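Contents: one structure, followed by commentary.
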């Protein structure tokens, strides 16, 4: 490469880096925080700590499904009953995403800091970032298993809005969603050590009306979240193209 070409390449690289930095500068930023920002946390509901879900897996029973969604779910359930489908996601250690992750028999830890609520889910070592600094939902979010979340405090409750879910995220086993899915969650203490979370799913392709249900969580003050490494204990064998050899059990 001659000297002129080399200079042109370097100038092009600098332009790309400059636009990336500019883009980052335009994005919402957390902090710097002042002492009073941390002091305000004492006035918020005490959701901090490790929580254990109460109740079994999330199912679509009672959900106001559209004919399209009901047909897809029925086909899934029929194939599962006949042991005809493969547990590809589990075999590849893919997380289920919200809301299934929030209902698995593993604890979730809530951490409240200025401008953000973080939920550390032991299952699949997943982390949710819920921004409470006043930013809007992203216009063009990158799809994620747990979606893209913002939150706000309404008196004694944390209200969370989430969009931008991965196409692989299921709302219940066998129940998918469209790219129009919007989830609203309301976190509220029913008692000092009992948390109630109301989930409301809006998706015109899958629900005739918003689907709402509430789950309870018990605070476990002596518990800690543990390390979860899916591949370490994965007993599924995979084919060369990444599919599970074993199938779902009835």
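Figures for the structure shown
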item: Residue match in the range 41-54 (condition: assigned by TED's automatic domain parsing to the domain that holds residue 119, at pLDDT below 60 and surrounded by 15 or more Cβ atoms within 10 Å (Cβ to Cβ)); result: no
item: Condition met for residue 114 (crowded, with 18+ Cβ neighbours inside 10 Å and modelled with pLDDT of 95 or more); result: no
item: Qualifying position, being assigned by TED's automatic domain parsing to the domain that holds residue 165, in contact with a strand residue (DSSP E or B) (Cβ under 9 Å, 6 or more places away or on another chain) and at pLDDT below 80, among 63, 79, 91; result: 91
item: Subset of the range 28-87 (residues that are part of a strand (DSSP E or B) and either at negative phi or free of Cβ contacts under 8 Å to residues at least 24 places away in the same chain (or both)); result: 50, 51, 52, 53, 54, 65
item: Subset tally (residues that are surrounded by fewer than 17 Cβ atoms within 10 Å (Cβ to Cβ) and closer than 19 Å to residue 57 by Cα) for the range 148-185; result: 2
item: Hey, residue 189 surrounded by 18 or more Cβ atoms within 10 Å (Cβ to Cβ) and in the same structural domain as residue 101 (by TED's automatic domain parsing) or not; result: no
item: Residue 142 being assigned by TED's automatic domain parsing to the domain that holds residue 56, part of a loop (DSSP other than H, G, I, E, B) and over 24 Å from residue 177 (Cα atoms); result: no
item: Residue among 7, 21, 16, 98 that is within 24 Å of residue 136 (Cβ to Cβ), loosely packed, with under 12 Cβ neighbours inside 10 Å and either at pLDDT below 90 or assigned by TED's automatic domain parsing to the domain that holds residue 175 (or both); result: 21
item: Any hit, the range 168-188, residues being more than 24 Å from residue 73 (Cβ to Cβ), in contact with a strand residue (DSSP E or B) (Cβ under 7 Å, 6 or more places away or on another chain) and in contact (Cβ under 8 Å) with a residue 60 or more places away in the chain; result: yes
item: All positions within the range 113-125 that are in a strand (DSSP E or B) and out of contact with any strand residue (DSSP E or B) (no Cβ under 8 Å at 6 or more places or on another chain); result: 113
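The values are calculated or read from the model by the stated rules, or taken from the named source; none is laboratory data. Keep in mind that what you see is a predicted model, and the values were worked out from it rather than measured. Every residue, glycine among them, receives a Cβ derived from its backbone with ideal geometry; neighbour counts consider all protein chains shown.
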